[in-house]
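**Student:** Attaching a single structure in structure tokens format; questions to follow.
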Amino acid sequence: MFKKLPTLPKLQQHLLSLLVSVSGIVCSIVLSYAYYLIDTNSVNIALIFIFFLILVSCNTVGYLYGIVCSLIAVLCFNYMFTYPFFTLNFSISGYFIGFLCMTAITVLISTLTSHLMIQSNLAAEREHQLAEAEMEKMRANLLRAISHDLRTPLTGIIGNSLTYLENQGHLTEDEKADVVRNIYEDSSWLINMVENLLTVTRIGENNLTITTSEESLEEVVGEALQKMGKRHPECVIHAKIPDEFIMLPMDAVLIEQVTINLLENALLHSGSSEPIDFIVENRPQEVAFIVRDYGHGIPKHMLNNLFSGTPSSTLEADVHKGMGIGLVICKTIIDAHCGTISGRNHEHGAEFTFTLPKKKEERLPEEGRV
Amino acid sequence: MAAKTQVLLIEDDKSIASFITTSLSGNGYRVIHALDGKEGLSLAASNCPDIILLDLGLPDIDGCEILKELRTWCSVPVIVISARTREQDKVNALDLGADDYIAKPFGTAELMARIRTSLRHSYTASPEKVYRAQGLEIHFEKRLILLNGEEIHLTQIEYQLLTLLAENSGRVLTYHYIMNAIWGPYMDSNNQILRVNMANIRRKIEVNPAQPRYVFTEVGIGYRMLENESI
């Protein structure tokens, strides 16, 4: 209960605390009186009071309610349940110590519980801050990856077009064609990257949620492969999907993007022209998508932070142009689907696997994870 | 020589308009260019173009409004040009009567192919008798489907679905349109039944349903069948 209290507005918190205190006192008096009618053992009655005082101090804000209640309780106890009955009398020896102890116990408990409440509030806040920091980190990573990956082709476009404009007179036809082809290639690469980034805007800003609908697996895979074929006509992909008809909850455009990103990475960064394997496995709880290439594999130093978006050393950066954003985006998308994504090396190259759960999961995607 | 086919281009971006105009002229079309929706509508009325290329994001009027307006008085084929990421816009435009759409960025070859397909569908008054492409043959009158010479057996619904796509080969048909044409307007909007039937058709005519050769999916929009080669 004391976890819920702090989320209410201040005034309501205090009203609630007051209600709890009053009802606590009333309950303890009524119960004590009922007990008193059966048995006049004042020790047990004191225990009843203490029990309710603990309840009150656990469920009120601050120390004050607990302390005030404990004083009232002591007065009531003295007035009603100790000899001489229905008079206040602290002078009988032993009584005074008993009352003092009772007051001390309740004050101590009030202090403890309110301390506990503050602690749990702090913990919740820390958790929230941590989640926010994670989100912030993800954004920063994405931004860093973007600016890094976009600068290279833009430099290429500017350089090539300036070359054309400044040297138009003495470039041969072949050279002109080369320059324009370079501009074309760089800008095609750029537009793909921008499409990639645009897909991320489909994911909810704060809680990383997406709208999923039941989609036919083979259609999503089919379109992704078709787009790959259009973009890279030379690329050979061996696709193998389960025979049965499978519907999966997903955002089809996003999953298509993940598939294309992984296939494109396999094509451009494996350093091999061997056909790429694309395998879909129907597992009991999930569907796994596996992209396997037969190239030189993932460099060792990159294995640990494949999906973090941190560019590797500058020398490497140009070689692996584009891997940065692509994989960060894949991870973001798959996390939003409550799936998993991982990359590893097999004997003859690299292998990336992502999975999607079959049932729409009850749990929300873990907030803030990249 | 026959009169040149006239294309009306409604596009506000000068750079894009310039390259479309250049490539269309190079392919033997005559191009009229409108910079905004109002000009586009008046040029459409005064010039009677054979086909209209319409950009959805115009400065003055929303592309869909222009489409609605156009469809009240003429049936000239319209190809919508749109940014790639917003499927709903494309679906709306298609359901409002656009013949096809092409997503930015596109190459000239793709644009020319789309224009040819749309023009062909608007010129041929009677439907074709045979669909033929890459080993698949559909004889509409005989209700016969052959794949590499062998007969393929489809259920009633599957046959209707495949022939609907074949009659409109090369064009994208939205889920909504197909559901309406085959199951009627009172079917609920869940198109799972359509997906299941399509999956069954693919298992009968495609070698690998994940890499289809005949019926392509446009995720979130609908299906497009490979162009009929027999025309």
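What follows is calculated from the coordinates using simple rules that are stated; it is not laboratory data. Keep in mind that what you see is a predicted model, and the values were worked out from it rather than measured. Heads up, the Cβs are rebuilt from the backbone with ideal geometry, glycines too, and the neighbour counts pull from every protein chain shown.
**Student:** Filter the chymotrypsin sites (Phe, Trp or Tyr not before Pro) in region B:129-231 to those in DSSP coil with at most 16 other Cβ atoms within 10 Å of their Cβ, and list the result.
**Tutor:** Qualifying residues, ordered by number: B:140, B:186.
**Student:** Let me spell out the model: positive unit charges on the Cβ of Lys and Arg, negative unit charges on the Cβ of Asp and Glu, origin at the Cα centre of the protein assembly as shown. What dipole size does that give, in debye rounded to 20?
**Tutor:** That gives the protein assembly as shown a dipole magnitude of about 1300 debye.
**Student:** Given the pairs B:90/B:204; B:14/B:90; A:359/B:104; A:240/B:68, which span a C-alpha to C-alpha distance of over 32 angstrom in this model?
**Tutor:** A:359/B:104; A:240/B:68
**Student:** Next question, about the same structure. Work out the charge dipole of chain A with +1 on the Cβ of Lys and Arg and -1 on the Cβ of Asp and Glu about the Cα centre, then indicate which of A:284, A:50, A:84 is farthest towards its positive end.
**Tutor:** Farthest towards the positive end: A:84.
**Student:** Note down the relative contact order for chain A as a percent, whole number, built from C-alpha pairs under 8 angstrom at least six residues apart.
**Tutor:** Value for chain A: 14 percent.
**Student:** What angle, in degrees between 0 and 90 and rounded to the nearest 10, separates the Cα long axis of helix A:173-200 from the longest principal axis of the Cα atoms of chain A?
**Tutor:** 20
**Student:** Given an 8 Å cut-off on Cα distances and at least 6 residues of separation, report the relative contact order of region B:1-133 as a percent.
**Tutor:** Rounded, it is 21 percent for region B:1-133.
**Student:** State the Cα centre-to-centre distance between region B:156-202 and region B:38-78 in whole Å.
**Tutor:** Going from one Cα centre to the other spans 28 Å.
**Student:** Also, I was wondering about something else. Could you state the angle between the C-alpha long axis of helix B:63-73 and the longest principal axis of the C-alpha atoms of chain B, as a value from 0 to 90 degrees rounded to the nearest 10?
**Tutor:** Helix B:63-73 sits at roughly 80 degrees to that axis.
**Student:** Longest segment of chain A with no chymotrypsin sites (Phe, Trp or Tyr not before Pro) in a DSSP loop having at most 14 other Cβ atoms within 10 Å?
**Tutor:** A:91-370
**Student:** Evaluate the charge dipole of region B:40-174 about its Cα centre and quote only its size in Debye, nearest 20, assuming +1 on the Cβ of each Lys and Arg and -1 on the Cβ of each Asp and Glu.
**Tutor:** 200
**Student:** Now, a different point. Among A:250, A:336, A:299, which residue has its Cα furthest toward the positive end of the charge dipole of region A:202-357, with +1 on Lys/Arg Cβ and -1 on Asp/Glu Cβ?
**Tutor:** Projecting each Cα onto the dipole axis, the largest value belongs to A:299.
**Student:** Next question, about the same structure. Over region A:127-242, what is the mean sequence separation of C-alpha contacts under 8 Å (at least six apart), divided by residue count, expressed as relative contact order in percent?
**Tutor:** 18
**Student:** Taking chain A on its own, what percent of its Cα-Cα pair distances exceed 32 Å?
**Tutor:** 56
**Student:** Could you tell me the center-to-center distance, by alpha carbons, between region A:258-295 and region A:160-216 in angstrom?
**Tutor:** 23
**Student:** To the nearest µm²/s, what D does Stokes-Einstein give for region B:2-123 at 25 °C and 0.890 mPa s, using the Kirkwood radius over alpha carbon pairs as Rh?
**Tutor:** It diffuses with D of about 173 µm²/s by this estimate.
**Student:** OK, next. What's the angle, to the nearest 10 degrees (0 to 90), between helix A:42-58's Cα axis and the longest principal axis of chain A?
**Tutor:** On a 0 to 90 degree scale, this one is about 30.
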